[in-house]
Amino acid sequence: IIADQRMPEMTGVELLEKLRDFKPDVAGIILTGFTDPPALISAINRARVFRFLKKPWQPDDILEAVRQASEHVYQTRAIQRLVALLAKRTDELDASLVQIRRTQSHLLHLERLGTMGKLAAGVVHDLRNLMVSLGYVESVLQQRSIAPDVLESVQVGMQGVGNLIHTLEAMHQFARGGILNIEKSILQPSLVVHDALAIARMDMGFRAHKVAVNIEEGLPPVNGDRQKLTQVLVNLVRNAVQATAQWRQIGVEASRKNGHVVFAVEDEGPGVPADMKENLFKPFVSSKGEGGMGMGLYMAKLIIDSHQGEIAVLDRPEGGARFEVRLQPAEERR
């Protein structure tokens, strides 16, 4: 824009200053008969005038000034487009890097799961051999009329080893094919709670805590895999035992809430940090630091997902954590 400095109602500098509000890259040329340095400096600062031409001017001077102004505007707009393009490409690169990191993490998880699956297969083989020996011991004890409590302890121990074998087989199966074999049947929620507590009692740490058990009467049955649901509850109980100081209380309950059958385990520990909750059910994430493998809650979520249920962690108002497993009643499943 070429403007005379002295015009009616406003000066050339004032005109360019107003134009800057909606055309910030305009190159302004001011024609003036005065060369007051303070006024020139003020004009450059306020309106960013590209060029001053002193009167009288020659046509060639105007043409040369317009040519330079046009090049300046072209270069400025080209730089702006390049900056915008660079910003876009940077955002795309950042998104790609995030995706690459996620993919790398996923591949690492798959590799670790594969390794654990192979290890699980070897452990299962050894445990099956142990089960043969334990079965022989059980038969001998039955024949010799050993005290019922001793026989019960052996049987519960064998059940615990059997559940461990099933757990390891599930890990091996999932590591190989990415799926879990679920054998569903109609069962009462109380059976899952009793099975889990029977296994948990074999743990000396469990015996060093107060345990409050609350099973709501008249609960509807659920359609689920008894062994795997027991595995989930045992894992939650053991986590509660490890999080709670000795002789403090943990709670185990089965109830009906909002149309779901809810299994819950509560502890009086420090709770789960807020920044860990989002990833708590992912593989190799543990609130126990180096003391945990980060697979228990991951396997629990896989099992509950296979039952089309939900598993969640909540904060207890009194302190500590509450883990809930929510399943649809069998009578309402379609």
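Points worth noting:
- Criterion: surrounded by fewer than 16 Cβ atoms within 10 Å (Cβ to Cβ), more than 17 Å from Ile304 (Cβ to Cβ) and not small (Gly, Ala, Ser) - qualifying residue of Val150, Val211, Val241: Val150
- Condition met for Ile215 (touching a strand residue (DSSP E or B) at 6+ places or on another chain (Cβ under 9 Å), under 25 Å from Gln246 (Cα atoms) and modelled with pLDDT of 90 or more): yes
- Restricting Gly162, Gly224, Gly135 to those that are surrounded by 15 or more Cβ atoms within 10 Å (Cβ to Cβ) and not assigned by TED's automatic domain parsing to the domain that holds Phe281 reduces the list to Gly162.
- Any hit, the range 92-111, residues being basic (Lys, Arg), modelled with pLDDT under 70 and either assigned by TED's automatic domain parsing to the domain that holds Asp203 or out of contact with any Gly (no Cβ under 8 Å at 6 or more places or on another chain) (or both): no
- Residues in the range 1-33 that are acidic (Asp, Glu) and surrounded by 15 or more Cβ atoms within 10 Å (Cβ to Cβ): 2 in all.
- Filter result for Arg207 (within 31 Å of the chain's Cα centre (by Cα) and not assigned by TED's automatic domain parsing to the domain that holds Ile165): no
- Qualifying residue in the range 54-61 (condition: assigned to a strand (DSSP E or B) and either out of contact with any helix residue (DSSP H, G or I) (no Cβ under 7 Å at 6 or more places or on another chain) or modelled with pLDDT of 80 or more (or both)): yes
- Filter pass, Ser42 being modelled with pLDDT of 85 or more and of a type in the set (Ser, Thr, Tyr): no
- Contact map, the range 217-246: residues that are of a type in the set (Lys, Arg) paired with residues that are outside any helix (DSSP H, G or I), Cβ distance under 8 Å, separation 6+ or inter-chain. Pairs shown: Arg226/Ser185; Arg226/Leu187; Lys228/Leu180; Lys228/Ile182; Arg238/Asp203.
The values are calculated or read from the model by the stated rules, or taken from the named source; none is laboratory data. Since we're looking at a predicted model, the values are computed, not measured. Glycine gets a Cβ as well: all are built from the backbone with ideal geometry, and neighbour counts include every protein chain shown.
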